[in-house]
Amino acid sequence: MTAPGEGRARPRSLGVRVAENLLFAVGLPVLAIGLWAVWSTRSTNRFLVGPHTLLDAFRQTWIGPAIVDDVLPSVYRLLAGVFASILLGVAAGVVIGRLRPLREILEPLLEFFRAIPPPVLIPVAMLLLGITDTMKVVVIVSGAIWPILLNTIEGVRATDSVMMETARSFRISRWDRLWLVILPAASPRIMTGVRQALSVALILMVISEMFASSAGLGYRIAYFQRNYLIAEMWSGILLLGLIGVFLAVVFGVVERRVLRWYHGLKEVTRG
């Protein structure tokens, strides 16, 4: 007869878990860079550059006037497109999610426009808006709005009916119900949509600048590719990856604060 709990695995200490996470966070990139360095030294492919060459090209290309001329305008257009997508997507999603007749009318139309790849709208946007920053922001919004809009609609539809009835019984106004019941209940789905929209917005920012621009990250990467400046091209791709990682980290911090109650509820449920 075994003692109680003898067959169970002991929970790992906090120090062990931190050490394992740190090992994966640091060890895997170091291993990948090491393999990359070995591969680049043995490869005869001129389009494959080593880590040292790439970092040197990154320093010479992007640390200097290019930050003001190319990086900051691209980041501005990216953030403008994301914020516009959030405002329009959440506002329209709440209205459509709350009004069932409107949702049934607009559902075929939404499915049609969602199926259109945003890059094909670039020539149309150029004809209507010209080659301007507004055109590029509109292209970003045309793709980034859909994850936010659709997730907001589903989140609003899934709001607990008991909570809504309770709010009505206490004579809480519609505006207060929106801010105190509907949006908090839909916020996990909304944040999921925003996370997806960030990736879409970054892709569309690059594509819009490749097609119609004389500055920006997308333009510079395409310029380097056309002129066979391979190390500089890869340095631009590296910069895009760093921007994506930075956005993911910032979003993770914001999501933790906005959904603090939700993550706390999940911890209580697991416990």
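The values are calculated or read from the model by the stated rules, or taken from the named source; none is laboratory data. All figures in this text were calculated on a predicted structure; none of them were measured in a lab. Neighbour counts run over all protein chains shown; Cβ positions are idealised from the backbone, glycine included. Just so you know, the surface numbers come from the protein's heavy atoms only, side chains and all, with ligands and any DNA or RNA stripped out. Shrake-Rupley method; radii C 1.70, N 1.55, O 1.52, S 1.80 Å.
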Q: Output the peptides 45-58, 178-191, 139-152 sorted from most to least packed, where packing is the average of other Cβ atoms within 10 Å over each peptide's residues.
A: 139-152, 178-191, 45-58
Q | Segment Ala158-Phe112, length gained on full extension (0.36 nm per residue, minus Cα span) | A | 14.2 nm
**Q.** Whole-number accessible area per residue in Å² for the range 155-271, which is evaluated in the context of all protein chains at 1.4 Å
**A.** 60
Q: Using only alpha carbon pairs under 8 Å that are at least six residues apart, calculate the relative contact order of the range 114-222 and give it in whole percent.
A: 35
(Q) Could you check the spin-label model distance between Arg260 and Arg168? Points 7 Å from the Cα along Cα→Cβ, value in nm. (A) 3.3
Q: Determine the share of the range 153-268's accessible area contributed by carbon and sulfur atoms, expressed in whole percent, with a 1.4 angstrom probe.
A: 64
Q. Once Rh is set to the Kirkwood radius over Cα pairs, what Stokes-Einstein translational diffusion coefficient, in µm²/s, holds for the range 61-124 at a temperature of 25 °C and a viscosity of 0.890 mPa s?
A. 166
(Q) Give me the extension gain from Ala32 to Gln225: residue separation times 0.36 nm, minus the current Cα-Cα distance, reported in nm with one decimal. (A) 67.0 nm
